[in-house]
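Structure first, commentary second.
The values are calculated or read from the model by the stated rules, or taken from the named source; none is laboratory data. This is a predicted model, so every value here is computed, not measured. Because the Cβ atoms are built from the backbone with ideal geometry, glycine has one as well, and the counts that use them run over all protein chains shown.
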């Protein structure tokens, strides 16, 4: 019986030491190599306008749109992040995607149905993806240029400036940073 009690005590002690050590090591890593564990916020004119790693619901024509969200009823709610868990053959899922394609085409009448980028009508796994591909941004340039009364080439240049090339994955465009860059250009006019 003494051996069992000693084993339980040693096990509990090891669990506490390992758990505390693990958290401490992660905390040190966060302090040294990341944004200190805090949200990576984006500011405009000294005011916080969003988080770099969480998508936002842009619906106005003057802004580039991100991927749709399936998180929460209001969309882009980080407290209810997650996929819809509907498979590609689920009738409800197909209906949702079809509605999103129709909405996208209403706002982008210069595109054909087969030219709508899939990521613009399907949510990401988290439902909070802040990035789109450059191709999805290029598909929206004409709409944004019209709404802002700007030259399409000028907007494409801004898209290219905020595009991040990855060593391991595809290039991405952070939608919030892109829209802020556009607002800055418009405010200088």
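Remarks
- Where residue 129 falls short, out of the listed (1) more than 15 Å from residue 176 (Cα to Cα); (2) out of contact with any strand residue (DSSP E or B) (no Cβ under 9 Å at 6 or more places or on another chain); (3) at pLDDT 80 or above: (1)
- Candidate set from the range 167-189 (those that are surrounded by fewer than 13 Cβ atoms within 10 Å (Cβ to Cβ) and under 16 Å from the mean Cα position of the chain (by Cα)); member that is farthest from residue 62 (Cα to Cα): 169
- Flag if residue 122 is part of a helix (DSSP H, G or I), without any contact (Cβ under 8 Å) to a residue 60 or more places away in the chain and either farther than 25 Å from residue 44 by Cβ or not assigned by TED's automatic domain parsing to the domain that holds residue 86 (or both): no
Okay, residues lined up against (1) modelled with pLDDT of 80 or more; (2) outside any helix (DSSP H, G or I); (3) touching a helix residue (DSSP H, G or I) at 6+ places or on another chain (Cβ under 9 Å):
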| position | (1), (2), (3) |
| --- | --- |
| 7 | yes, no, no |
| 20 | yes, no, no |
| 30 | no, no, no |
| 37 | no, yes, yes |
| 50 | no, yes, yes |
| 56 | yes, yes, yes |
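- Of the residues making up the range 83-94, not a single one is in a helix (DSSP H, G or I) and closer than 20 Å to residue 60 by Cα.
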